[in-house]
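See below for the structure under consideration.
The values are calculated or read from the model by the stated rules, or taken from the named source; none is laboratory data. The structure displayed is predicted, hence computed values, not measured ones. So basically every Cβ, Gly included, is an ideal-geometry build from the backbone, and we count neighbours across all protein chains shown.
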Amino acid sequence: MSSSFDSLGLSAALVRAVADEGYTTPTPIQTQAIPMILAGRDVLAAAQTGTGKTAGFTLPMLQLLSTRHTTRPAPKTARALVLTPTRELAAQVEESVRTYGRHLKLNSALVFGGVGFQPQVDAMRRGVDILVATPGRLLDHLSQRTIDLSKVEFLVLDEADRMLDMGFIHDIKRVLAVLPRERQNLLFSATFSDEIRALVHGLLRNPATVEVARRNEAAALVTHLIHPVDKGRKRELLRDLIVAGNWQQVLVFTRMKHGANRLAEQLEKDGINAAAIHGNKSQNARTRALAGFKEGTVRVLVATDIAARGLDIEQLPHVVNYELPNVPEDYVHRIGRTGRAGSPGHAVSLVSPDENVFLRDIERLLKKQLPREVVAGFEAGKPGTIVEDEAPRGASRNAPPPRRASHGQHKNGPQKHGKPPHGRPGERTHAQVVAPRQGQSNGNPPRTSGAQRGNGNPARTSSGGGQRGSGSRGSALTGTRSFGRTR
């Protein structure tokens, strides 16, 4: 394991740019991927979100482009192409390119939908070194011949698994058809799905494989918690969790766009600052909502899966699945927004009886049963009754009780749970019932799982130089001043 960026073979200009951001130690994905890319290898890399995948390809790509030849790109051409599934991720990648390439004589352009077409044409007119784009808008430019990809030396597919999930496979193939045969290919993904491996077979040449997390493994620092609740009472429960726990920054997932809008409006009526972000929102509206969420003026950001992919939020403490995804892998992607860069995270899922089949699929994927807590007063089914919850097949009935995250502990030690459920396989066990999460008369917040007493934010840990505060610039840390989140 390399202990510094200069030991990876990066140039002094890049090491300086990294140091400007306050980081000295590379993450595992960077330590493994950067030397392979610098050696000219095609690379297939998988790592959980928040582990620094973007810096893992941005830094070596910048170095190789700056040293191969210095002639200006031809008009409308690009020397490197980075494809991303969403506008937000494209903007963040291009920001990384500018941040870490600030001491190099390279330029970049950003191409995605939802904004004006002509400014992108103007940006490409003189040619660029690095083009970051989403597939749909890139194809629009190709059809109008405002972009020429015949000179591309590098192709990067970032979050390739999500691009396939979103149905971009045909768009990707159309882009590949106009690229030169001789190029270096880099594919970065959160998971190695069967579909990804099929794509790799026709794209990468003898690739070096880098995998720093097991396939479809949830982030290790995330505390999972399931709250069984009737479908019609989810908003009320969400409101009480936010208010009683004093959660100040919460990312909430819904399945549908109209559901995101409706929930944000209802939370606003409850006196909680909220905003929705989804595909039907204009790019300006999405940018404003995300900026407000990062700055703290928006307390709750309600998002659909597509819009939230690639959101870059430092030290996000809480993610709530208001509705479970019907694709189990999406659960991993959702909760990957929290528990990043060495900071603990709390993933809460509000599960109604009709979603039990989705929950079983998620638990099979994760190969473990997620802890349940029934909040008193919000029991699913008949009011005042304990909900019986049948565990999925193969799940352990003797699993330990849910552990509290470090930011959910009392000053005198961790909170105590009741005894874990026991029973022979096939028996029904009762879900745990916890006290209602209501405000207390003495003004102190009640004990809530995963929420920090006081401001609700996770405790910040440090090692060496310590952690930086939240913000949208640079990369988060993994305890040793390293790039620790996907740009």
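Looking across segment 176-198 at every residue that is out of contact with any strand residue (DSSP E or B) (no Cβ under 7 Å at 6 or more places or on another chain) and at pLDDT 85 or above, the one that is nearest to D42 (Cα to Cα) is identified as E182. Listed by position, the strands (runs of 3 or more DSSP E) inside segment 240-303 whose residues that are aromatic (F, W, Y) number at least 1 are 250-253.
Criterion applied to L81, L106 was being of a type in the set (A, V, I, L, M), more than 21 Å from T31 (Cα to Cα) and touching an Asp or Glu at 6+ places or on another chain (Cβ under 6 Å), and the one residue passing it is L106.
Here's a check for you: in segment 61-97, which residue that is assigned to a helix (DSSP H, G or I) and of a type in the set (D, E, K, R) is farthest from V15 (Cα to Cα)?
Of the residues in segment 61-97, the ones assigned to a helix (DSSP H, G or I) are 61-68, 87-97.
Now drop any that are not of a type in the set (D, E, K, R), which leaves 68, 87-88, 94-95.
On the way: R68: 19, R87: 28, E88: 26, E94: 19, E95: 17 Å.
Filtering segment 61-97 for residues that are assigned to a helix (DSSP H, G or I) and of a type in the set (D, E, K, R), the one farthest from V15 (Cα to Cα) comes out as R87.
Here A123 does not qualify as among the aliphatic types (A, V, I, L, M) and crowded, with 20+ Cβ neighbours inside 10 Å.
Scanning segment 141-187 for residues that are among the basic types (K, R) and within 19 Å of D305 (Cβ to Cβ) yields one hit, R162. Could you run through segment 91-138 and say how many residues are without any contact (Cβ under 8 Å) to a residue 24 or more places away in the chain and charged (D, E, K, R)? So the answer is 2.
Name the residue that is farthest from V212 (Cα to Cα), counting only residues in segment 5-24 that are modelled with pLDDT of 85 or more and part of a loop (DSSP other than H, G, I, E, B). Residue satisfying both the conditions and the ranking: S11. Evaluate the following for T58: is it under 17 Å from L8 (Cβ atoms), in the same structural domain as F168 (by TED's automatic domain parsing) and part of a loop (DSSP other than H, G, I, E, B)? So T58 does not fit the description; no.
Scanning segment 326-367 for residues being at pLDDT below 90 and in a loop (DSSP other than H, G, I, E, B) gives a total of 12.
Of the strands (runs of 3 or more DSSP E) lying entirely inside segment 113-220, the ones with 3 or more residues being farther than 19 Å from L89 by Cβ and more than 18 Å from the chain's Cα centre (by Cα) are found at 208-211. Scanning segment 29-39 turns up at least one residue that is aliphatic (A, V, I, L, M) and within 16 Å of A190 (Cα to Cα).
Return the only residue of A33, A46 being in contact with a strand residue (DSSP E or B) (Cβ under 7 Å, 6 or more places away or on another chain), at pLDDT 90 or above and surrounded by 24 or more Cβ atoms within 10 Å (Cβ to Cβ).
Working: A46 fails: at pLDDT 90 or above.
Of the residues listed, the single one that is in contact with a strand residue (DSSP E or B) (Cβ under 7 Å, 6 or more places away or on another chain), at pLDDT 90 or above and surrounded by 24 or more Cβ atoms within 10 Å (Cβ to Cβ) is A33.
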